[in-house]
Structure formats: C-alpha cells, structure tokens
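Asker: Below you'll find the structure I mean.
The values are calculated or read from the model by the stated rules, or taken from the named source; none is laboratory data. Every value quoted in this text rests on a predicted model; they were computed, and no experiment measured them. Don't worry about glycine lacking a Cβ; one is built from the backbone with ideal geometry, like all the others, and counts go over all protein chains shown.
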Amino acid sequence: KTIIIAVAIALLLAVIMGYVFAQTLTGPILALTRGAKNMAEGNFEQSLKVRSSDEIGQLTSSFNYMASELTKNMSEIYQEKNRLEILLHNMSDGVISFNKDGEFMLANTAATEMLEVDKIDMDFSTFIRNYDINSGVYLDVGTEPSKRVTFPVGKQFISATFTPYYSAAGQIEGLVVVLQDITEQKKLDDMRKEFVANVSHELRTPLTTVKSYTETLMDGAMDDKEIAMEFLGIIDSEADRMAFLVRDLLQLSRFDNKQVLLDITDIEMNEFLSLTVKQNKIHAEGKHQQLTFEPYKEDVVIHGDRDRVGQVVNNIVTNAMKYSLEQATIKIYITEDDIYYKITVKDTGMGIAREDLPRIFERFYRVDKARSRAMGGTGLGLAIAKEIMESHGGKLTAESEYGKGTTMTMWFPKKPPEPPCKEA
C-alpha cells in the first residue's frame with residue numbers, strides 16, 4: 001500500500017512537472033510559430049512576451065527585434081514606392097513597362113495621354129502593331145542598350161526609347177519604353193528647314209537675275225546704251241531687293257537675340273495716325289481706294305518707340321492697300337478696354353483663307369506667293385511687326401474672311417513697359 005501511494009504521488013508529481021516543463025518549453029515555441037505565420041501573412045507589427053532569459057527567451061527577443069526591423073524596412077520600402085509612383089505619374093515623359101513575356105506591367109498618366117487612350121492594357125506585340133512601330137524593335141533587343149523610334153499619334157509625334165532591364169544573373173527581365181512628345185521640336189526643325197530653304201530661294205532669284213544680266217552686258221550689250229541702262233536698272237532693282245531682304249533678316253535676328261532695345265516716348269495716337277493716313281493717302285487714291293481714320297473721342301497716349309510703332313502701322317496700312325482691289329475701303333479706328341488701347345485697320349480687300357490665317361505671322365509665309373513676290377514683298381513684314389508689338393508688351397492679331405476683307409488689330413498696353421535703351 002505504501003509503495004502504491006508513493007508511485008501514485010510520484011506519477012502525479014511527474015505529470016505536474018511535465019506539464020509545467022511543457023508549458024515553459026513549448027508555449028514560447030508555439031507563440032513563435034504563430035508569430036512567424038502572422039509575419040508571413042504581412043503582420044509585422046507584433047511583439048511576443050519574453051518569459052525567460054534562457055535560449056527560448058533569447059530566441060523570442062531576436063524574433064521581436066526582427067519584427068521591429070522588418071516593420072521599419074517595410075515602412076521605408078512603402079514610402080520609397082509611394083515616392084516612385086508619385087514621380088512616375090507626374091513625369092512629363094510617358095513610361096510603359098513590359099515583362100520578358102511581353103505582358104503589360106505598368107504605365108503612367110503621361111503615357112496614356114500621349115497615346116490618346118484611356119487605359120493601356122495591350123501586350124508588347126499589340127503595342128508595336130497598333131502604332132506601326134516596325135523599325136526593328138523586338139522584345140529581346142539583344143546587346144543594344146536602347147533603341148529610339150519616332151512615330152505619329154494623331155497630330156503629335158512621339159519619340160519612343162526602348163530599354164531592356166536585367167536580373168542579377170544578367171538575364172533580360174523585361175523592357176521599359178520611355179515616350180517623349182517631340183511635336184514642338186519637330187515643328188521647330190521643320191520651320192528651321194523651311195526658313196533656310198526660303199532664304200536660299202529669295203536670294204537665289206535676284207542673284208540669278210543679276211548674274212544673267214551682268215553676263216549679257218559683258219557679252220556685248222554694253223555697246224547699246226539703251227539696253228545697257230535698262231539692264232543696269234534691273235540689276236539695281238534686284239540689288240535693292242536683296243538689300244531689303246538682308247535688312248529684314250538682320251532685324252529679325254536682333255529681335256531673336258534680344259539686341260533690339262526701344263527708345264520709349266509718349267505717342268499721341270490720334271495725331272500719329274492722322275499723319276500716317278496723310279502720308280499714304282496719295283497711294284490709296286492711286287488705286288481709287290478710300291483710306292480713312294476716325295479720331296478717338298479723347299487723347300490716346302501710348303508708350304512706345306515712335307519709329308518702331310510707325311513701322312508696324314505703315315506695314316499694316318500698306319498691306320491693306322496692296323492686297324485690296326480698286327474701290328476698296330480701308331478704315332482705321334481706336335478702341336480700348338481696361339488693359340489695352342486697340343488700333344484697328346479694317347479693309348474690304350481679298351481677305352485670307354481660314355487655313356492660311358494662323359500662319360500669316362510666320363517668316364516668309366505668303367498667302368499668294370506669286371503675287372507677293374511680284375509686289376516686292378519679302379514675306380517678313382508681319383513677322384517683324386509681330387516682334388515689335390511683343391517687344392512693346394502688346395500683341396498683333398488678325399481676323400479675316402476670304403473675299404470679304406481683313407481686320408488687323410494692334411494691342412498697346414496702357415501701362416508703360418520697363419525702361420529699355422536703344423538698338424545695339
């Protein structure tokens with residue numbers, strides 16, 4: 001009986017000690033297991049209770065430290081991801097990414113706007129096909145660091161740079177396409193080419209005339225005084241034409257290089273425009289045209305360079321007379337608003353077609369090229385007038401209806417511009 005009781009007590013103590021030992025050993029391990037599972041599911045903000053200072057306690061402390069560091073690292077990664085996303089979606093350049101299988105991964109807002117779509121959900125092959133990018137661009141670009149292709153989208157021109165990105169092992173992981181809108185750049189390049197071509201053409205014609213007439217004179221035409229004087233008159237006229245062209249080009253070059261600085265004075269426009277009409281009256285009457293000016297009800301004082309303002313007004317009035325038929329009416333009048341005095345020249349001439357109107361201030365642009373050259377124009381007058389108006393802080397605008405006439409308006413600010421000095 002004593003032995004049985006002793007064994008029973010020993011077993012009970014063993015069970016109690018085993019239970020206590022199990023709780024002490026396996027409890028923290030089970031807690032660590034649950035914590036690891038929670039961490040695998042993305043819950044890094046957790047802290048386990050350290051129950052002892054033995055190896056299990058040290059393991060729990062290490063687990064808590066790891067969770068804390070992971071929380072901090074994930075927070076930094078999340079912030080960095082947000083910064084990159086904000087940067088990506090606020091870039092002016094479009095960005096599209098494809099993986100190594102050609103599947104679409106991401107695109108920013110600029111890319112959708114440039115490609116004129118609401119959402120990009122096409123794979124690489126569809127992207128290449130839809131935009132007709134057939135310049136040897138493939139998903140596997142090989143050893144090329146990048147490849148650039150230009151293609152049109154509507155009225156825009158887009159430059160696309162295809163650049164691969166690689167894994168740590170050096171294998172291609174995918175392709176990034178960077179899109180840039182080069183429409184304005186292409187327009188400027190085209191305008192530059194057109195400008196050079198126009199200058200060459202404008203100079204070539206009088207030079208050819210001068211050379212041909214000079215050769216004729218050298219071949220014996222000098223002996224006939226009447227013919228010689230006629231030829232010399234033509235040579236003199238063509239030389240003047242080239243001189244006018246070079247003068248206008250130099251003037252535009254000075255405006256471009258900010259070398260034209262104005263001698264600002266107060267100009268009373270009622271008196272100024274009345275004098276302009278008197279100076280041009282005889283030319284208008286020669287074409288049986290009616291040129292009139294309606295003085296404003298009160299004094300109109302603008303702040304400008306008298307010579308430059310006169311150049312603009314005379315250019316516009318001369319154009320109105322030049323490109324209007326006989327019996328046309330050319331009317332000059334002044335209006336105002338809170339900011340500007342507006343001097344308007346309205347004619348009942350030939351007018352300008354809708355498609356030509358936005359381009360009349362371009363250099364060398366002529367609505368009727370043959371007629372303009374025959375009348376001695378260089379095609380630079382309105383371009384110079386526009387530059388002069390802008391240098392005064394104003395603007396020059398045009399309204400027209402083909403066959404019914406044109407209205408040109410000079411906008412002069414009421415406030416004086418900043419003090420400039422004279423032309424360099």
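Asker: So which residues in region 385-411 are within 28 Å of residue 250 (Cα to Cα), β-branched (Val, Ile, Thr) and not in a helix (DSSP H, G or I), if there are any at all?
Answerer: Of all residues in region 385-411, those within 28 Å of residue 250 (Cα to Cα) come to 385-398, 408-411.
Filter once more, so that each one left must be β-branched (Val, Ile, Thr): 388, 397, 409.
Residues satisfying the conditions are 397, 409.
Asker: Okay, next question. Please indicate, with yes or no, whether at least one residue in region 16-32 is under 29 Å from residue 76 (Cβ atoms) and touching a residue at least 24 places away in the same chain (Cβ under 8 Å). Quick ask: steps written out before the conclusion?
Answerer: Of region 16-32, the ones under 29 Å from residue 76 (Cβ atoms) are 31-32.
Right, trim to touching a residue at least 24 places away in the same chain (Cβ under 8 Å) and you get 31-32.
Checked region 16-32: at least one residue is under 29 Å from residue 76 (Cβ atoms) and touching a residue at least 24 places away in the same chain (Cβ under 8 Å).
Asker: Looking for whichever is at negative phi and modelled with pLDDT of 90 or more here; the options are 352, 332. Which one fits? If you could, list the steps in order and put the result at the bottom.
Answerer: Numbers: 352 fails: modelled with pLDDT of 90 or more.
Selected residue: 332, the only one of 352, 332 that is at negative phi and modelled with pLDDT of 90 or more.
Asker: If I go through region 185-217 residue by residue, how many of them are within 19 Å of the chain's Cα centre (by Cα) and over 25 Å from residue 383 (Cβ atoms)?
Answerer: 0
Asker: Please return the ranges of strands (runs of 3 or more DSSP E) entirely within region 108-220 where 2 or more residues are small (Gly, Ala, Ser), assigned by TED's automatic domain parsing to the domain that holds residue 95 and modelled with pLDDT of 80 or more. Can you show your working first?
Answerer: Numbers: elements: 147-153, 156-166, 172-181.
Hits in region 108-220: 156-166.
Asker: Now, a different point. Could you list all residues from region 66-76 that are under 26 Å from residue 106 (Cβ atoms) and surrounded by 11 or more Cβ atoms within 10 Å (Cβ to Cβ)?
Answerer: Keep residues of region 66-76 that are under 26 Å from residue 106 (Cβ atoms), which gives 70, 73-76.
Those that are under 26 Å from residue 106 (Cβ atoms) and surrounded by 11 or more Cβ atoms within 10 Å (Cβ to Cβ): 70, 73, 74, 75.
Asker: Restricting to region 88-107, count the residues that are in contact (Cβ under 8 Å) with a residue 24 or more places away in the chain, in a strand (DSSP E or B) and more than 24 Å from the chain's Cα centre (by Cα).
Answerer: 4
Asker: If you don't mind, another one. For residues in region 259-284 being among the charged types (D, E, K, R) and not in a helix (DSSP H, G or I), which is modelled with the lowest pLDDT? Before you say what the answer is, go through the steps one by one.
Answerer: The first filter runs over region 259-284 and keeps only residues among the charged types (D, E, K, R), leaving 263, 266, 268, 271, 278, 281.
This time we only want the ones that are not in a helix (DSSP H, G or I), so: 263, 266, 268.
Values: 263: 82, 266: 91, 268: 92.
Among residues in region 259-284 that are among the charged types (D, E, K, R) and not in a helix (DSSP H, G or I), the one modelled with the lowest pLDDT is 263.
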